[in-house]
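Asker: One structure follows; several queries about it will come next.
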Amino acid sequence: NAVIGRYKLSVQIGSSSPESLGTFVLLFNPWSSGDDVFMPNKAECEEYVLEEFGIIFAGNKNHISGFGWNFGQFQGDILNICLSILDRSLYYRQDPITDVSHRHDPRYLGRVLSAMVNANDDQGVVLGNWSGKYEGGKNPSSWTGSGEILQSWKKSGFKPVKYGQCWVFAAVLTTVLRCLGIPTRTITNFSSAHDADGNLRVDEFYDADGNHLERGADSVWNFHVWNESWFTRNDLGPSYSGWQILDATPQEESGGIYQCGPASRYAIKEGEVDLDYDCPFVFAEVNADCMYWNYDSATGKKTLIFSKSTEIGDSISTKAVGRDDRVDVTSDYKYEEGSAKERDIFKKARKKLGLEDKFDPTAPTQEEIEQKPDISGKFKVAGSLEVGKDLNLLLVLENLQSDAKTVNVNMTAWSTLYTRRPVNEIWKDSISVTLAPKEEKQFPIKIKYPEYQQQLTTDKTIQVTALCHVEDGIQVLVQRNITLDNPAIDIQVLGEAKVNKEVVVEVAFTNPINTEVKDCVLQVEGSDLLQGILELRIPPLKASEKSSTKLKLIPSEAGPKYLLVNFSCDKFADIKTFKRVNV
């Protein structure tokens with residue numbers, strides 16, 4: 001339980017004056033059974049402390065994808081930078097002696113670092129940007145590792161690095177905590193709630209044409225990435241030890257600054273939202289109820305379209321130990337959706353937050369919640385979801401009643417950020433439909449590549465909405481969030497990789513669209529395979545043309561290593577892939 005950090009070591013012989021032997025850095029030790037971060041499983045120690053490569057999951061709950069990340073916690077100057085992060089925190093600046101005396105406690109350090117990895121309040125490491133415009137910095141989706149970010153922060157005289165979004169904050173925090181010896185991993189939550197007002201409910205608003213309105217501070221993100229770190233909770237008791245949630249993405253203030261956690265994962269599952277730290281916010285991220293409203297801007301009137309209690313917190317994912325696979329950890333965060341136990345825990349959490357007894361004028365009435373629609377609808381994907389190809393969908397409407405129904409449908413498609421923030425309108429249409437009793441009808445929708453190409457954000461996400469006005473019935477909202485895939489990029493290692501011997505790697509990309517692509521840049525990195533980041537400019541590629549680029553690596557260490565490649569051009573942003581290289 002000693003304080004971690006840099007120590008001076010000297011030796012004194014007899015009564016002579018002490019001789020300095022130099023300095024050493026003391027870290028947490030997850031292999032030692034007395035340490036707060038002790039992790040009994042050796043394979044987990046290997047993955048969560050020693051592994052410099054990770055996979056972060058993204059996309060949306062219907063279409064999960066993963067990309068590689070180079071944590072690089074043992075490279076170059078990273079340890080020194082991690083120690084200097086601690087010495088630049090608000091806590092240290094306000095009271096250095098007290099701050100340093102707490103540095104034996106992973107709870108304390110986890111909370112301090114969740115604040116320091118974002119730039120809010122304290123000139124921390126990464127500046128967030130969710131505007132869709134990234135002038136003056138790097139697009140968050142273009143980073144491939146934490147090393148470049150931490151080095152840039154130091155080189156600039158500790159000015160925040162531009163720009164990050166949730167996975168960047170989580171990846172940098174993983175690097176720093178692993179570097180200090182605290183077992184840490186990234187977690188991705190799909191359909192993640194940002195409950196700004198603490199009522200365990202997120203409200204989404206749509207106008208009569210089906211456009212998603214930016215009203216109110218609540219939102220649902222296609223995915224959100226945070227961290228789990230492993231340590232004991234002496235403050236709460238043994239059952240709350242183990243994985244603790246930390247979140248460095250600046251979403252809501254806690255104790256007056258943008259920090260989040262550690263929240264015990266066990267406390268979240270059991271609805272113990274009154275325990276330290278920030279449990280209500282994390283509980284809402286995976287459990288909030290969703291309310292969809294129709295908002296009339298002329299009158300200011302809002303009408304509930306429908307509510308859903310099973311929407312939020314889906315396919316919670318992390319990388320497997322020792323394998324490049326996805327593991328689903330949803331059942332560690334909550335009981336099965338729709339089960340009586342899950343609803344009981346939700347009620348328990350509401351009660352602890354004092355929401356059960358308080359009248360909430362913004363909440364829908366029981367009558368509104370229980371109203372039953374006459375029709376149901378869904379969007380089905382027909383064909384592939386790839387940037388560069390037309391988007392083909394089917395709107396499926398079904399009459400649930402035994403009399404005919406007339407329905408006016410207003411449809412829109414918007415390009416969005418992964419936070420579902422609408423950016424550009426891509427397409428709109430309206431149709432009038434008559435459905436015979438119990439009839440199901442399908443309506444094909446085609447959005448051509450040239451229609452969406454200019455409007456697409458680098459998140460490659462589109463929200464399609466159909467607001468169905470049923471004559472003499474209640475409105476029905478049909479929506480789908482679509483994430484498009486980038487075309488593939490291929491890596492081949494030509495020959496055997498050996499320590500300190502040159503090996504050639506070939507990276508190939510074929511232009512899949514029928515127009516030329518230009519401004520092509522290839523970015524390559526990999527711990528122990530090459531120093532820093534290699535950036536190569538590639539000549540323009542005509543329609544269907546293939547480019548093949550050869551580069552030389554000189555591995556510096558044996559074992560399984562990972563090469564990360566990021567390819568960008570004017571039509572495709574940040575096509576990522578990784579390749580395991582056995583050295």
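Asker: Restricting to the range 410-426, and then to whatever is open to solvent by 40 Å² or more (accessible area, probe 1.4 Å) and part of a strand (DSSP E or B), can you tell me which residue is farthest from Lys460 (Cα to Cα)? Break it down stepwise before answering.
Answerer: The initial filter retains those residues of the range 410-426 that are open to solvent by 40 Å² or more (accessible area, probe 1.4 Å), namely 414, 421, 423-425.
Imposing the further condition that a residue be part of a strand (DSSP E or B) reduces the set to 414, 423-425.
Details: Trp414: 11, Val423: 11, Asn424: 12, Glu425: 14 Å.
The selected residue is Glu425.
Asker: Select, from Ile426, Ile445, the only residue that is under 26 Å from Ile305 (Cβ atoms), touching a residue at least 24 places away in the same chain (Cβ under 8 Å) and under 28 Å from the mean Cα position of the chain (by Cα).
Answerer: Result: Ile426 is the single residue among Ile426, Ile445 that is under 26 Å from Ile305 (Cβ atoms), touching a residue at least 24 places away in the same chain (Cβ under 8 Å) and under 28 Å from the mean Cα position of the chain (by Cα).
Asker: Now a separate question. Might you let me know whether the range 358-375 holds any residue that is more than 15 Å from Leu484 (Cα to Cα), at pLDDT 90 or above and in contact with a helix residue (DSSP H, G or I) (Cβ under 8 Å, 6 or more places away or on another chain)?
Answerer: Checked against the condition, which is being more than 15 Å from Leu484 (Cα to Cα), at pLDDT 90 or above and in contact with a helix residue (DSSP H, G or I) (Cβ under 8 Å, 6 or more places away or on another chain), the range 358-375 yields no hits at all.
Yes or no, residue by residue, for (1) open to solvent by less than 10 Å² (accessible area, probe 1.4 Å); (2) closer than 23 Å to Asn287 by Cβ; (3) touching a residue at least 12 places away in the same chain (Cβ under 8 Å):
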residue: Ile149; (1), (2), (3): yes, no, yes
residue: Gly157; (1), (2), (3): no, no, no
residue: Val172; (1), (2), (3): yes, no, yes
residue: Val176; (1), (2), (3): yes, no, yes
residue: Pro183; (1), (2), (3): yes, no, yes
residue: Gly198; (1), (2), (3): no, yes, yes
residue: Asp203; (1), (2), (3): no, yes, yes
residue: Asn211; (1), (2), (3): no, no, yes
residue: Glu214; (1), (2), (3): no, no, yes
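Asker: Given the conditions (1) within 20 Å of Phe572 (Cα to Cα); (2) surrounded by fewer than 20 Cβ atoms within 10 Å (Cβ to Cβ); (3) outside the structural domain of Asp574 (by the TED database), and given that Asp459 satisfies all but one, which numbered condition is not satisfied?
Answerer: Unmet condition: (2).
Asker: Have a look at Val117, Val112, Val100 and point out the one that is buried (at least 18 other Cβ atoms within 10 Å of the Cβ), hydrophobic (A, V, I, L, M, F, W, C), over 22 Å from Val521 (Cβ atoms) and touching a strand residue (DSSP E or B) at 6+ places or on another chain (Cβ under 9 Å).
Answerer: Every option except Val117 fails the conditions.
Asker: I'd like to check something: does the range 451-461 contain any residue that is touching a residue at least 12 places away in the same chain (Cβ under 8 Å), in contact with a strand residue (DSSP E or B) (Cβ under 8 Å, 6 or more places away or on another chain) and assigned to a strand (DSSP E or B)?
Answerer: So far as the range 451-461 goes, yes, one or more of its residues are touching a residue at least 12 places away in the same chain (Cβ under 8 Å), in contact with a strand residue (DSSP E or B) (Cβ under 8 Å, 6 or more places away or on another chain) and assigned to a strand (DSSP E or B).
Asker: Would you say Phe74 is of a type in the set (Phe, Trp, Tyr), outside the structural domain of Thr577 (by the TED database), within 16 Å of Ser527 (Cβ to Cβ) and under 23 Å from the mean Cα position of the chain (by Cα)?
Answerer: So Phe74 fails the test.
Asker: If you don't mind, there's one more thing I want to ask. Ile56 fails exactly one of the following numbered conditions: (1) open to solvent by less than 50 Å² (accessible area, probe 1.4 Å); (2) farther than 24 Å from Ile187 by Cα; (3) touching a residue at least 24 places away in the same chain (Cβ under 8 Å). What is the number of that condition?
Answerer: Every listed condition holds for Ile56 apart from (2).
Asker: As an exercise: evaluate Tyr91 against (1) hydroxyl-bearing (Ser, Thr, Tyr); (2) open to solvent by 50 Å² or more (accessible area, probe 1.4 Å); (3) touching a Gly at 6+ places or on another chain (Cβ under 8 Å) and give the number of the one condition it does not meet.
Answerer: Result: Tyr91 passes all but (3).
Asker: Still on this structure, I have one more. Which residues, counting only those in the range 533-559, are on the phi > 0 side of the Ramachandran plot and surrounded by 18 or more Cβ atoms within 10 Å (Cβ to Cβ)?
Answerer: none
Asker: Taking strands (runs of 3 or more DSSP E) that do not extend beyond the range 300-354, which have at least 2 residues that are at pLDDT 95 or above?
Answerer: It comes to 314-319, 326-328.
Asker: Just a yes or no: is a residue in the range 511-532 in the same structural domain as Asp403 (by the TED database), open to solvent by 70 Å² or more (accessible area, probe 1.4 Å) and closer than 23 Å to Glu545 by Cα?
Answerer: Our first condition is that a residue be in the same structural domain as Asp403 (by the TED database); within the range 511-532, this holds for none.
Within the range 511-532 (the criterion being in the same structural domain as Asp403 (by the TED database), open to solvent by 70 Å² or more (accessible area, probe 1.4 Å) and closer than 23 Å to Glu545 by Cα), the answer is no, since none of the residues qualifies.
Asker: Filter the range 509-556 for residues that are among the polar types (S, T, N, Q), under 26 Å from Phe53 (Cα atoms), part of a loop (DSSP other than H, G, I, E, B) and in contact (Cβ under 8 Å) with a residue 12 or more places away in the chain and give the result.
Answerer: Selection gives Ser527, Ser556.
Asker: Then there is this: Would you point out which residue out of Ala263, Ala284 is closer than 15 Å to Ile345 by Cα, small (Gly, Ala, Ser) and either touching a Lys or Arg at 6+ places or on another chain (Cβ under 9 Å) or open to solvent by less than 10 Å² (accessible area, probe 1.4 Å) (or both)?
Answerer: Being closer than 15 Å to Ile345 by Cα, small (Gly, Ala, Ser) and either touching a Lys or Arg at 6+ places or on another chain (Cβ under 9 Å) or open to solvent by less than 10 Å² (accessible area, probe 1.4 Å) (or both) holds for just one of Ala263, Ala284, which is Ala284.
Asker: Something else: Please verify whether the range 368-384 includes one or more residues that are part of a strand (DSSP E or B) and closer than 30 Å to Cys569 by Cα. Talk me through it step by step, then tell me what you get.
Answerer: The first filter runs over the range 368-384 and keeps only residues part of a strand (DSSP E or B), leaving 375-381.
Checking which are closer than 30 Å to Cys569 by Cα leaves us with 381.
Within the range 368-384, one or more residues are part of a strand (DSSP E or B) and closer than 30 Å to Cys569 by Cα.
Asker: Right, next: Counting just the residues of the range 112-126 that are under 14 Å from Thr174 (Cβ atoms) and assigned to a loop (DSSP other than H, G, I, E, B), which one comes out nearest to the chain's Cα centre (by Cα)?
Answerer: Val117
Asker: Same structure, new question: For Ser131, state whether it is surrounded by fewer than 22 Cβ atoms within 10 Å (Cβ to Cβ), of a type in the set (S, T, N, Q), part of a helix (DSSP H, G or I) and without any contact (Cβ under 8 Å) to a residue 40 or more places away in the chain.
Answerer: no
Asker: Out of curiosity, is Lys61 over 20 Å from the mean Cα position of the chain (by Cα) and surrounded by fewer than 20 Cβ atoms within 10 Å (Cβ to Cβ)?
Answerer: No, not satisfied.
Rundown of residues vs (1) out of contact with any Lys or Arg (no Cβ under 8 Å at 6 or more places or on another chain); (2) among the small types (Gly, Ala, Ser); (3) at pLDDT 95 or above; (4) more than 25 Å from Ala58 (Cα to Cα), yes/no style:
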site	(1), (2), (3), (4)
Val396	no, no, yes, yes
Asn408	yes, no, yes, yes
Leu417	yes, no, yes, no
Arg421	yes, no, no, no
Lys428	yes, no, yes, yes
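Asker: Please work out which residue is nearest to the chain's Cα centre (by Cα), limiting yourself to the range 245-292 and to residues that are small (Gly, Ala, Ser) and part of a loop (DSSP other than H, G, I, E, B).
Answerer: Ala248
Asker: While we're on this one: Would you tally the residues in the range 351-378 being open to solvent by less than 90 Å² (accessible area, probe 1.4 Å) and either within 21 Å of Leu304 (Cα to Cα) or among the aromatic types (Phe, Trp, Tyr) (or both)?
Answerer: 15
Asker: List the pairs whose first member sits in the range 493-507 and is touching a residue at least 24 places away in the same chain (Cβ under 8 Å), whose second member is outside any strand (DSSP E or B) and of a type in the set (A, V, I, L, M), and whose Cβ atoms are under 6 Å apart, counting only residues at least 6 apart or on separate chains?
Answerer: Filtered contacts from the range 493-507: Ala497/Val583; Val499/Ala558; Glu502/Ile554; Val503/Ala497.
Asker: A further question on this structure: What are the residues in the range 69-87 that are over 16 Å from Trp226 (Cα atoms) and open to solvent by less than 10 Å² (accessible area, probe 1.4 Å), if any?
Answerer: Residues satisfying the conditions are Gly72, Gln73, Ile78, Ile81, Cys82, Ile85, Leu86.
The values are calculated or read from the model by the stated rules, or taken from the named source; none is laboratory data. In this text the structure is predicted, and so the values were computed from the model without any measurement. Don't worry about glycine lacking a Cβ; one is built from the backbone with ideal geometry, like all the others, and counts go over all protein chains shown. Side chains are part of the model used for accessible areas, which takes the heavy atoms of the whole protein and leaves out ligands, DNA and RNA. Shrake-Rupley method; radii C 1.70, N 1.55, O 1.52, S 1.80 Å.
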